[in-house]
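Since the structure comes first, as structure tokens, the remarks are kept for the end.
The values are calculated or read from the model by the stated rules, or taken from the named source; none is laboratory data. These figures come from a predicted structure and were not determined experimentally. FYI the Cβ positions are ideal-geometry reconstructions off the backbone, even for glycines, and counts take in every protein chain you see. Note: accessible area is taken over every heavy atom of the protein model, side chains too, but ligands, DNA and RNA are not part of it. Shrake-Rupley method; radii C 1.70, N 1.55, O 1.52, S 1.80 Å.
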Amino acid sequence: MVLQELGGKLTAALQKMQSVTVISEEVLDKMLKDIAAALLEADVNVRVVGQLRKAIKTRAALEEEVAGANRRKLIQRAVVDELVNIVDPGVTPHEVKKGKPNVIMFVGLQGAGKTTTIAKFANYYQRKGFKCCMVCADTFRAGAYDQLKQNATKLRCPFYGSYTEADPVAIAAEGVAQFRKEKYEVIIVDTSGRHRQEAALFEEMQEIRVAIEPDNVVFVLDATQGQAVHEQATSFHEAIDIGSVVVTKLDGHAKGGGALSAVAATGAPILFLGSGEHFDDFEPFVARSFVSRLLGMGDMSTLVKQ
Amino acid sequence: NVGNLLNNVAGSQTLTKEEIEPVMADLRKTLLEKNVAVEVADAVTKSVADSLVGQKVERFGRASTMIKQALAAAVERVLTPKRSTDVLREVLDAKRKGKTYSIVFVGINGVGKSTSLSKVAYYLKEHNIDVMITACDTFRSGAVEQLRSHAKCLDVELFEKGYLKDPADVARASLVHAKQAKKDCVLIDTAGRMQNNDKLMRELAKLVSVNTPDLVLFVGEALVGNDGIDQLNMFNKSLAQFCSDGRTIDGLVLTKFDTIDDKVGATLSMTYKTGQPIMFIGVGQKYTHLKKLSVNAVVNALFK
Ligand SMILES: Nc1nc2c(ncn2[C@@H]2O[C@H](COP(=O)(O)OP(=O)(O)OP(=O)(O)O)[C@@H](O)[C@H]2O)c(=O)[nH]1
Ligand SMILES: Nc1nc2c(ncn2[C@@H]2O[C@H](COP(=O)(O)OP(=O)(O)OP(=O)(O)O)[C@@H](O)[C@H]2O)c(=O)[nH]1
Ligand SMILES: [Mg+2]
Ligand SMILES: [Mg+2]
């Protein structure tokens, strides 16, 4: 992960402020400009960057009479808080509970990493002792069922799907009903990749949701993507109530800013980060520590804790 | 809206650097919103600014036409390919000489390599080329079955050795087979890999250097952000470093144009530095959703 690179730039911008005695309007503007530049290079949505800049400025103006070192701290805290706000909407994500069926439906753009993430998700909860299973409601993509089947087999995880049934709603309904009856605890439903420009695909997604009544809808987001994911995420959110987000492909060089701003668009918390193609390349997401890593931390840690 | 940017400047005699500065800041922001990578947005803005400074503005409103023209010229300069993008002609040339033409598809995970390969197979087959598909993604679950399903739909031969084999060996065996079977063109699919994964980049370079394909196509998404430039640079660098003949990527396929509306910036980001041509674009999930890039369409989308 090269988040550190972004972190380094942000820290440098903040440190520049450290080295001057008076934080003039000019110094503040320069710092905000540096921070905006770093965030844009990390693919954070242009509008989200604009909002962040404004929010920090407003807070700095409110505290204008505060002098010297305190003012510096306040501004730094504003930067950290606003960054945390991007990645942490302050909502408690759905928690998988033992002893009852938890139906989790995965959605997202084509190739984002849904099918792979489902295997990681099953692996994660299997290890925690949950009875997991998978349903393949992707009847569109060539080889989709084989992909899920091979992963499930490697994980010794029961699965449901069909080579002949073409209706994903029917498969999802049947598979989930069967696994509910069999008292599985984590019932994971894979769906085809889709995008907002094709209304029929979104309708299909809504029909699947109605048919299986999921406890959580997970939106899978690719960290390498740029400015267009914001609209995609917004549309997914409008079409289906997104409960949580997983950001994938963070093992590359991408900083994931596009994905992070998409989180801002959905208001849904990030649940996990994907950092590779293997089942273990998966870690729970913690907003505060994510931002501290983003900032390269050091003396910032005290600010982040509060 | 780029078109309106210069309206407030018009009326003065000769454009100065100071005058156009705020306008250039707006242009840069517009480019960023259209998903142009930061360094490329900076460079394009500078080149537009350079071409405007010192120009005379006589009539009100002409200024916005000038910026449009300057931007269009800059975009055209970036997007005009420096080599032929006519893959079909190259395949036909090889066929006439009785040679088997080979294309390798490379790129990071999930961008649309296998789908684009299938679209190219369809396209070539439509032009009476006898195509074979080789499954060298021997890693990702379902990768072989995915291609088998496409091969069946397209009624073309699939060459595969299952999973966990060295992809360079599979490719070599398939080329030998294709030659014997007198195939016109072999399309070789590879596993997705992150540009910074040294082990996998070496594996890919080996496949390329051992098999010396006629064309190495880098597949990227139109959705990609600033990372796209890094992907392309690193794939080029790894190939050059680990292939004895120092070869690099020959061209690009950019996919998923149907998902980005007017945010077409990746076309500029990906071609700006390397000048590597965009051979095809993907505009959907069907076999027919393969097109040639229209420079005009990109310019229009930027002005939207
Ligand atoms: N490097 C890396 N690759 C990943 C990660 N997550 C998924 N992938 C890869 O991304 C590619 C696409 O993943 P899939 O799981 O097939 O994506 P999908 O969203 O199910 O795709 P569709 O069903 O076609 O929409 C595969 O090559 C995966 O191995 C990750 O965190 N890191
Ligand atoms: N909307 C849209 N989807 C596309 C396009 N090209 C490919 N896809 C979809 O993107 C997803 C991934 O495509 P693949 O061809 O499997 O991608 P890949 O690069 O081979 O993936 P890996 O082999 O796992 O690295 C599939 O769901 C495709 O249908 C396109 O032009 N538009
Ligand atoms: Mg899938
Ligand atoms: Mg593939």
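The set of residues in the range B:114-152 that are free of Cβ contacts under 8 Å to residues at least 40 places away in the same chain, open to solvent by 20 Å² or more (accessible area, probe 1.4 Å) and assigned to a helix (DSSP H, G or I) comprises B:LYS125, B:GLU126, B:GLU145, B:ARG148, B:SER149, B:HIS150, B:LYS152. Hey, could you check the range A:130-157 for residues that are in a helix (DSSP H, G or I) and hydroxyl-bearing (Ser, Thr, Tyr) and say which is farthest from ligand 3 (Cβ to nearest atom)? Here the answer is A:THR153. B:VAL156 falls short on exactly one of the conditions (1) within 22 Å of the chain's Cα centre (by Cα); (2) closer than 19 Å to B:THR288 by Cβ; (3) surrounded by 19 or more Cβ atoms within 10 Å (Cβ to Cβ), and that condition is (1).
Please verify whether the range B:286-298 includes one or more residues that are touching a helix residue (DSSP H, G or I) at 6+ places or on another chain (Cβ under 6 Å), aromatic (Phe, Trp, Tyr) and under 21 Å from B:GLU90 (Cβ atoms). Scanning the range B:286-298, I find at least one residue that is touching a helix residue (DSSP H, G or I) at 6+ places or on another chain (Cβ under 6 Å), aromatic (Phe, Trp, Tyr) and under 21 Å from B:GLU90 (Cβ atoms), so the answer is yes. Contact annotation: residue pairs with Cβ atoms under 9 Å, 6 or more positions apart or on different chains, pairing a residue in the range B:242-253 that is over 19 Å from B:TYR272 (Cα atoms) with a partner that is part of a loop (DSSP other than H, G, I, E, B) and modelled with pLDDT of 95 or more, are B:CYS243/B:THR212; B:ASP245/B:THR212; B:ARG247/B:THR212.
Determine whether the range A:231-244 contains at least one residue that is within 13 Å of ligand 1 (Cβ to nearest atom), in contact (Cβ under 8 Å) with a residue 24 or more places away in the chain, facing chain B (nearest Cβ under 10 Å) and in contact with a strand residue (DSSP E or B) (Cβ under 9 Å, 6 or more places away or on another chain). Looking for residues that are within 13 Å of ligand 1 (Cβ to nearest atom), in contact (Cβ under 8 Å) with a residue 24 or more places away in the chain, facing chain B (nearest Cβ under 10 Å) and in contact with a strand residue (DSSP E or B) (Cβ under 9 Å, 6 or more places away or on another chain), one finds at least one in the range A:231-244, hence yes.
Just checking, how many residues over the range A:23-50 are open to solvent by 30 Å² or more (accessible area, probe 1.4 Å) and away from chain B (no Cβ under 14 Å)?
Number satisfying all stated conditions: 5.
Are any of the residues in the range B:92-102 in a helix (DSSP H, G or I) and aromatic (Phe, Trp, Tyr)? No, the range B:92-102 contains no residue that is in a helix (DSSP H, G or I) and aromatic (Phe, Trp, Tyr). Every test in (1) within 12 Å of chain B (Cβ to nearest Cβ); (2) aromatic (Phe, Trp, Tyr); (3) in contact with a strand residue (DSSP E or B) (Cβ under 8 Å, 6 or more places away or on another chain) is passed by A:PHE140 save one, and that test is (3).
Sort out which residues of the range A:95-129 are assigned to a helix (DSSP H, G or I) and either within 16 Å of ligand 3 (Cβ to nearest atom) or under 20 Å from B:LYS256 (Cα atoms) (or both), and write them in order of number. Walk me through how you get there before you give the answer.
As a first pass, look at the range A:95-129 and keep what is assigned to a helix (DSSP H, G or I): A:114-127.
Within the range A:95-129, A:LYS114, A:THR115, A:THR116, A:THR117, A:ILE118, A:ALA119, A:LYS120, A:PHE121, A:ALA122 qualify.
Of everything listed in (1) crowded, with 24+ Cβ neighbours inside 10 Å; (2) more than 10 Å from chain A (Cβ to nearest Cβ); (3) small (Gly, Ala, Ser); (4) in a helix (DSSP H, G or I), the single unmet condition for B:GLY228 is (2).
Can you find, within the range A:140-175, the residue that is nearest to ligand 4 (Cβ to nearest atom) among those that are of a type in the set (Val, Ile, Thr) and open to solvent by less than 50 Å² (accessible area, probe 1.4 Å)? Quick ask: steps written out before the conclusion?
Just the residues of the range A:140-175 that are of a type in the set (Val, Ile, Thr), to begin with: A:153, A:164, A:169, A:171.
Subset that is open to solvent by less than 50 Å² (accessible area, probe 1.4 Å): A:169, A:171.
Numbers: A:VAL169: 27, A:ILE171: 23 Å.
Out of the qualifying residues, it is A:ILE171.
For B:GLY162, the conditions (1) at positive phi; (2) away from ligand 1 (no atom under 16 Å from the Cβ); (3) modelled with pLDDT under 95 all hold with the exception of (3).
I want to confirm something. Restricting to the range A:189-228 and keeping residues that are of a type in the set (Asp, Glu) and open to solvent by 10 Å² or more (accessible area, probe 1.4 Å), which single residue is nearest to ligand 2 (Cβ to nearest atom)?
Within the range A:189-228, the subset of a type in the set (Asp, Glu) is A:190, A:198, A:203-204, A:207, A:213, A:215, A:222.
Going one step further and asking which of them are open to solvent by 10 Å² or more (accessible area, probe 1.4 Å), we end up with A:198, A:203-204, A:207, A:213, A:215.
Numbers: A:GLU198: 8, A:GLU203: 16, A:GLU204: 14, A:GLU207: 19, A:GLU213: 26, A:ASP215: 26 Å.
Ranking the candidates gives A:GLU198 first.
Within the range B:231-268, the set of residues being aromatic (Phe, Trp, Tyr) and surrounded by 19 or more Cβ atoms within 10 Å (Cβ to Cβ) comprises B:PHE235, B:PHE257. Here B:ASP86 meets each of (1) more than 9 Å from chain A (Cβ to nearest Cβ); (2) open to solvent by less than 10 Å² (accessible area, probe 1.4 Å) with one exception, condition (2). Within the range A:117-128, the residues that satisfy the criterion of being more than 14 Å from every other protein chain (Cβ to nearest Cβ) and either open to solvent by less than 50 Å² (accessible area, probe 1.4 Å) or touching a residue at least 24 places away in the same chain (Cβ under 8 Å) (or both) are A:PHE121, A:TYR124, A:TYR125, A:GLN126.
Contact annotation: residue pairs with Cβ atoms under 8 Å, 6 or more positions apart or on different chains, pairing a residue in the range B:272-297 that is exposed (fewer than 14 other Cβ atoms within 10 Å of the Cβ) with a partner that is in a helix (DSSP H, G or I), are B:THR288/B:LYS119; B:THR288/B:TYR122.
Against the conditions (1) surrounded by 18 or more Cβ atoms within 10 Å (Cβ to Cβ); (2) within 14 Å of chain A (Cβ to nearest Cβ); (3) more than 17 Å from the chain's Cα centre (by Cα); (4) not charged (D, E, K, R), B:ALA178 satisfies every one except (2).
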